[in-house]
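Take a look at the structure below.
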Amino acid sequence: MRKAVLFIVFMIYTASAFAQEAQAAKTFWDDPVNDPMFPIYLVTAFILLVIILVGVVALYLVKVVNMLMTETEKAKAAKLGIPYVVKPSLWNRFAQKMNASVPMEAEKDIELHHDYDGIKELDNHLPPWWKWLFYGTIAFSVVYIAIYHFSDTLPLQDQEYQQEVALAEEQARKLKAAQPQEEIDENALAFTNDPALIEKGKSVFNGNNCGACHRNDGGGNTIGPNLTDEYWLHGGDVKQVFSTIKNGVVEKGMPAWGKSMSPQDVRNVAFFIMSLQGSNPANAKAPQGELFKATAPAPTAASDSTNAQASL
């Protein structure tokens with residue numbers, strides 16, 4: 001049995017190492033039959049089934065042997081002319097020892113002679129298993145206090161939480177250092193007519209349900225205003241548009257997308273919205289808000305790269 005268990009552990013470990021890359025993209029339940037671990041699981045299930053069947057048969061054999069031994073002892077007692085006394089089973093003897101229960105025929109010996117309207121009281125003691133468990137909790141509390149409160153061998157829950165938070169922050173710092181991202185200065189942000197950034201913003205705009213309220217062409221819907229005209233509810237400067245996207249307008253149904261989008265995505269969406277100015281889509285929503293005129297003309301294509309570096 002020990003060799004069989006070791007064999008199963010070895011097979012599972014080997015198959016896990018072999019299937020590690022194959023399982024990265026999909027789980028076992030996506031395609032159980034063709035999964036590399038399927039034969040191992042099948043063999044393991046078969047072995048467990050065999051073990052269960054062997055256990056059931058063993059219990060049945062023990063029961064048969066006990067029955068035969070009982071019949072033999074009954075016949076022997078009858079031959080000797082003495083009454084047969086049923087011997088308690090191993091489990092019954094163990095339960096009797098753990099509970100220290102008194103047989104009903106011996107209850108007179110532990111009677112306390114207190115009579116309450118015909119109800120008598122017995123001097124039953126606590127079961128040994130209960131007392132051992134209670135003593136174990138006392139011993140555990142002593143060890144716990146010594147380890148956690150006096151020796152500081154292990155951290156308390158609050159200390160463990162702080163350690164995990166510090167570890168997570170350190171891992172996040174290393175991840176950011178390994179994957180540096182450009183910083184977005186909201187106060188110095190300036191619109192850049194960069195086709196790559198605008199295309200990224202368009203992709204985020206259409207994929208983050210912005211089009212559900214503003215339409216994919218920005219013409220406005222029942223809830224969202226028209227983003228292609230010169231009228232704005234919360235300011236038409238690129239900084240104001242960035243702030244509106246980032247912080248949202250909850251009372252008007254505009255989510256704070258800055259909680260689920262990166263600053264770069266917010267910037268790209270703002271650039272895409274600014275690029276929609278004057279596109280005049282069909283069946284656009286009527287203007288809302290106040291007329292906004294830019295203080296300076298939009299930068300030309302020749303100065304795009306310069307403004308991009310300045311805005312970052």
**Message:** Cβ-Cβ distance below 7 Å, separation of 6 or more or different chains: which pairs start in segment 38-52 with a residue that is surrounded by 14 or more Cβ atoms within 10 Å (Cβ to Cβ) and end on one that is assigned to a helix (DSSP H, G or I)?
**Reply:** ILE40/MET11; ILE40/ILE12; ILE40/ALA15; THR44/ILE8; ILE47/ALA4; ILE47/ILE8
**Message:** Of all residues being of a type in the set (Phe, Trp, Tyr) and closer than 25 Å to LEU291 by Cβ in segment 228-278, which is surrounded by the fewest Cβ atoms within 10 Å (Cβ to Cβ)? Just the residue, please.
**Reply:** TYR231
**Message:** Return the residues of segment 142-163 that are of a type outside the set (A, V, I, L, M, F, W, C) and surrounded by 11 or more Cβ atoms within 10 Å (Cβ to Cβ); say none if nothing qualifies.
**Reply:** TYR144, TYR148, PRO155, GLN159, GLU160, TYR161, GLN162, GLN163
**Item:** Per-region count, segment 175-193, residues surrounded by 10 or more Cβ atoms within 10 Å (Cβ to Cβ) and of a type outside the set (Asp, Glu)
**Value:** 8
**Flag if GLU199 is under 20 Å from VAL266 (Cβ atoms) and in contact with a Leu (Cβ under 9 Å, 6 or more places away or on another chain)** = no
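Every number here is computed from the coordinates shown, using simple stated rules; none is lab data. Just so you know, these numbers come straight off a predicted model, no measurement behind them. When we count neighbours, we look across all protein chains shown, and the Cβ atoms used for this are built from the backbone with ideal geometry, even at glycine.
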